[in-house]
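Input: one structure, supplied below.
The values are calculated or read from the model by the stated rules, or taken from the named source; none is laboratory data. Everything numeric here is computed off the predicted structure, so don't read it as measured data. No Cβ is skipped: glycine too gets one built from the backbone with ideal geometry, and neighbour counts run over all protein chains shown.
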Amino acid sequence: MTSYYRRLTVGPTVLNIPVQPPTKSKLPVFPPRRPFNNIIQSSFGITLRSRKCWRVEATVRSAGRSEGGDGAKKVGPGPGQGPGPCSYSVEDRTVEVGSKRDRTVEVAVAVAVTVVLGVGNRVLYKLALVPLKHYPFFLAQLATFGYVLVYFSVMYLRYHAGIVTHEMLSMPKAPYLVIGLLEALAAATGMAAGAILSGASIPILSQTFLVWQILLSTIFLGRRYRVNQLLGCFLVTVGVVITVASGSSSGHSLKEAGIFWSLMMIVSFLLQAADTVLKEVIFLDAEKRLKGGSVDLFVVNSYGSAFQALFICLLLPFLSKLWGIPFSQLPNYLKDGAACFLNMGGTLSSGCDGAPLLPLLFIIVNMGFNIALLHLLKISSAVVSSLASTFSVPISVYIFTLPLPYLGVASSLPAGFVAGAIILVMGLLIYAWSPSDPSSAIPSPSS
């Protein structure tokens, strides 16, 4: 009788230690009794229909979540957290059971939520500027400083509920400081370029955001992308450009604005891409510092928003000048903006119909969009979160063709909208397509 030996493990393989062949004392073999028709019978009533004897070892280890992106490593949970999703390993190949499917469903749901909130964010921003059409700078600062209050309040409640731990709060604050600086500089450069560029050209230039994310994640995270993923990102970018640019004078307005302001807007998206990649680095670093745990979203949002508000205050003279508001007149401007926002009657609030409901709806949805985007970044990658945000652009373009309140006559659908949307969806499908790996198949026991 020939003996065969395979080792099956449950959980990610940590050490690749060669296993010695079993000895006769460790591998009992039932002696054959009266072979009949190629059936071996034992005195114990066990019937073996094969001449191959199998010995199976099973070891259970914890399996952590798969970090976002390609080529990411598995991170196991910390001590005392119990085993994670089960997986098995045949020889030197590990295959997860259930966890990959669960992760895919979780990412798909997060993408859908992000897209819906992204569409709502874009539409409500346009609606919020109807009553505050003369005070967009006030709306931006209200959102910035309002987030600090809300995020820290939620983090305080989650800390007392035991969700936010002392270890999370004691993590280094230097990365949050850099996040605040990047977001403040991105806002400053974006405002400067946005004051010169047309509205149709900005979404086109924003597609460089995806390119920056791929480049920065390759450099700083060591991530490698397959050919289909790069092709998918390229088609997504082309689809958005066709959707937004068709039927508009964006190309002419870009030529009129000059190369300097276009480059300034591109730099703004570079800073935003660096911000998202840095947040992904924070999540990966937290896995090590918290021994398999993960930092809470509101810790990242709270400290990042606090430092952003700090740098916004330092850049306030420069930012107010970009909006055409002399710094000496800034207090009166903010006072008038607050009166229009509250819409409590009087001469200052005339023409502010829709406030404060529309601005408050925008702030709430924008906050939810930022949280959903950060959650998607946490469980996937910066590129996936960028693709989800990008997918909301053509949907928003279509929503603006509907008769929305306070916006008056609906805009017409661009001529190349359908073609651009088809190319964009094809790009998303190509990016999400994962070619099957024949080498990952489980060998048959008869082999």
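If Val119 satisfies every condition in (1) surrounded by fewer than 19 Cβ atoms within 10 Å (Cβ to Cβ); (2) assigned to a helix (DSSP H, G or I) but one, which is the exception?
(1) is the only condition that Val119 fails.
Also, I was wondering about something else. Quick one: count up the residues across segment 103-125 that are of a type in the set (D, E, K, R) and modelled with pLDDT under 90.
Here the count works out to 1.
Then there's this: I need a count of the residues in segment 293-331 that are crowded, with 19+ Cβ neighbours inside 10 Å and not in a helix (DSSP H, G or I).
Summing the residues that are crowded, with 19+ Cβ neighbours inside 10 Å and not in a helix (DSSP H, G or I) in segment 293-331 gives 2.
On the basis of being under 18 Å from the mean Cα position of the chain (by Cα), within 30 Å of Phe283 (Cβ to Cβ), touching a residue at least 12 places away in the same chain (Cβ under 8 Å) and not in a loop (DSSP other than H, G, I, E, B), does Ser392 make the cut?
Spelling it out, Ser392 is indeed under 18 Å from the mean Cα position of the chain (by Cα), within 30 Å of Phe283 (Cβ to Cβ), touching a residue at least 12 places away in the same chain (Cβ under 8 Å) and not in a loop (DSSP other than H, G, I, E, B).
Another question, then. Kindly evaluate Ser392 against the criterion of being in contact with a Lys or Arg (Cβ under 7 Å, 6 or more places away or on another chain), assigned by TED's automatic domain parsing to the domain that holds Ser246, buried (at least 20 other Cβ atoms within 10 Å of the Cβ) and closer than 24 Å to Ala245 by Cβ.
So Ser392 fits the description; yes.
Additional query: Identify, by number, the condition in (1) without any contact (Cβ under 8 Å) to a residue 24 or more places away in the chain; (2) part of a helix (DSSP H, G or I); (3) not charged (D, E, K, R) that His375 doesn't meet.
(1)
I'd like the full set of residues that are in a loop (DSSP other than H, G, I, E, B) and modelled with pLDDT under 90, limited to segment 224-258.
Ser246, Gly247, Ser248, Ser249, Gly258
Of all residues in segment 257-292, which are of a type in the set (Phe, Trp, Tyr) and surrounded by fewer than 21 Cβ atoms within 10 Å (Cβ to Cβ)?
Phe260, Trp261, Phe283
Would you confirm, using the coordinates I've provided, whether Val178 is in contact (Cβ under 8 Å) with a residue 24 or more places away in the chain, on the phi < 0 side of the Ramachandran plot and not in a helix (DSSP H, G or I)?
Against the criterion (in contact (Cβ under 8 Å) with a residue 24 or more places away in the chain, on the phi < 0 side of the Ramachandran plot and not in a helix (DSSP H, G or I)), Val178 does not qualify.
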